[in-house]
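Everything on this sheet refers to the single structure shown next.
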Amino acid sequence: MNSGKSMIIKKNSALIQVHAKMLSAIQRKIINSLIYTMQKNGPQDSYNITFSTLKKFCNISMIGNNELKESLKGLADIKLEFNYLNKDKNEVWDYMSLLSRVKIVPNEGNIVFEFPDFLRDKLINPRLYAPIDIILIAGFKSSYSIILYELLRDYLTSPSVPIMSIEDFKNLVGIKKNEYKCFNDFKKRVLEVATKEVNEKTDIYCHFELSKERGVGNKYSSIRFFVTKKTGDLTYEKNTELKPKQSGLNGDLFEKLETENKLIIPEEILKEIPEKYKVKSLIDEIIKRISEGKAIDYIGLNLRYAFKKAKENPLYYAINALNKNYAGFDIEIEAKKAKEKKAQSVAVKDNESQKKREEIALDIVRSFPPEKYDALYEKAKELNAKEHPGNPFFIRDSMIEIRMAKIYMENSEINSYQNNDND
């Protein structure tokens, strides 16, 4: 393998959207390697590649030459239905063999292959294509992952991936008629396997939504994929790709830069998003919620809730959480909680301040001359006995002194008020 290097082919969109049952993961990797060899060498009648080179390109070093030979033979035998989803409106629908000839030279380890002339020209200079890294593709284990990645890479710069019927998607990934009759098996072994491998091993992130057919119970009828290119720390620019941000994010949620219509997402929101999920679809949803006037707490709490609770497809769950308020955030309730918390904090501070004033007043009272102390003592004792008749606790010296301090404080406040009023 050319570790750390990219080997990019311009793969014709019509060939990406190909209906070809029976193609294995190895055969799909071989196709990309042959296209790479052809595009590298330009128009020729035939092309050459060695077994060892082909194995390296496909990351299949443990596969025997005879097995590889059978895979090549299958590419000449299998019929392919091109432009299956009709992305290229100008591309003629074709039904053909991919290879017109494959020859293996004995004792040389050399493979000679030829494409049909009309196909070779389209593959060398495709009008619509997706850039595909064959080294990245070589790392896939599932043929479904290869197909899904190439399809989504083909639509990465388009406004959206078209909605497909379940049947069309099954045909696209090569599922036979009697395979995965149980939809849950199809979802688990095809959709979830493919999206997981694409998200873990490639430069894009994807998720899917399933829709049910009206009036047909709970039967799913269509599927739609969402795709975005993976990025790091992000800023959002309207109508553009998400771009890596060069400096730290900060500022108020609604701070808008006058230049280039950028909207900064604050750190308190970004910190709730795991790095691999900082992708365009989620950022778009956050921007949408911001434009609606949602509070930072609303967005942050729903993100935190989603990534904590989601058992599968966390990105899709987070987007829905922001849209449907899974965290149950209520601005009035949250405002009331904040007000109560603040009031509680103020009460604690007031209580502490009151205790300090009482301690000071108690020290002052205890320093009174005997005649002044005794007079205040009798007054405090009389008030305690009147307010708590028959209760010996309140005529103890300690409780009487506390009451003396309060009387002193009340008199001081009255005198202070009167002096200020006279001013």
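Conditions tested, residue by residue: (1) in contact with a Gly (Cβ under 8 Å, 6 or more places away or on another chain); (2) part of a loop (DSSP other than H, G, I, E, B); (3) at pLDDT 85 or above.
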residue	(1), (2), (3)
Y317	no, no, yes
K355	no, no, no
D363	no, no, yes
G390	no, yes, yes
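With respect to E371, determine if the residue is part of a helix (DSSP H, G or I) and under 22 Å from K356 (Cβ atoms).
no
Are there any pairs, at least 6 apart or on different chains, whose C-beta atoms fall under 8 Å, with the first in the range 50-74 and within 16 Å of L23 (Cβ to Cβ) and not assigned by TED's automatic domain parsing to the domain that holds M38 and the second modelled with pLDDT under 85 and not in a helix (DSSP H, G or I), and if so, which?
none
Out of (1) at pLDDT 90 or above; (2) more than 25 Å from K10 (Cα to Cα), what's the single condition that is false for L148?
Evaluating L148 over (1) at pLDDT 90 or above; (2) more than 25 Å from K10 (Cα to Cα) leaves (2) as the failure.
Within the range 120-133, identify whether any single residue is polar (S, T, N, Q) and assigned by TED's automatic domain parsing to the domain that holds S13, and answer yes or no.
Within the range 120-133, one or more residues are polar (S, T, N, Q) and assigned by TED's automatic domain parsing to the domain that holds S13.
Scan the range 142-163 and tell me whether some residue there is assigned to a strand (DSSP E or B) and surrounded by fewer than 21 Cβ atoms within 10 Å (Cβ to Cβ).
No, there is no match, as no residue in the range 142-163 is assigned to a strand (DSSP E or B) and surrounded by fewer than 21 Cβ atoms within 10 Å (Cβ to Cβ).
For the range 46-71, how many residues meet the condition of being out of contact with any helix residue (DSSP H, G or I) (no Cβ under 7 Å at 6 or more places or on another chain), within 10 Å of I111 (Cα to Cα) and of a type outside the set (S, T, Y)?
2
Tell me which residues, restricted to the range 388-411, are buried (at least 17 other Cβ atoms within 10 Å of the Cβ) and either hydrophobic (A, V, I, L, M, F, W, C) or not assigned by TED's automatic domain parsing to the domain that holds R366 (or both).
Of everything in the range 388-411, those that are buried (at least 17 other Cβ atoms within 10 Å of the Cβ) and either hydrophobic (A, V, I, L, M, F, W, C) or not assigned by TED's automatic domain parsing to the domain that holds R366 (or both) turn out to be F394, M399, I400, I402, M404, A405, M409.
For K337, work out the one condition from (1) over 30 Å from K187 (Cα atoms); (2) at pLDDT 85 or above; (3) surrounded by fewer than 16 Cβ atoms within 10 Å (Cβ to Cβ) it doesn't fulfil.
Only one criterion in (1) over 30 Å from K187 (Cα atoms); (2) at pLDDT 85 or above; (3) surrounded by fewer than 16 Cβ atoms within 10 Å (Cβ to Cβ) is unmet by K337, namely (2).
Scan the range 29-76 residue by residue and report those that are of a type in the set (D, E, K, R) and part of a helix (DSSP H, G or I).
K29, K40, K55, K56, E67, K69, E70, K73
For T37, state whether it is closer than 26 Å to L156 by Cα and at pLDDT 85 or above.
Here the answer is yes, as T37 does meet what is asked.
The values are calculated or read from the model by the stated rules, or taken from the named source; none is laboratory data. From a predicted model like this one, the values you see are computed outputs, not experimental measurements. Glycine also receives a Cβ, built like all others from the backbone with ideal geometry; neighbour counts cover every protein chain displayed.
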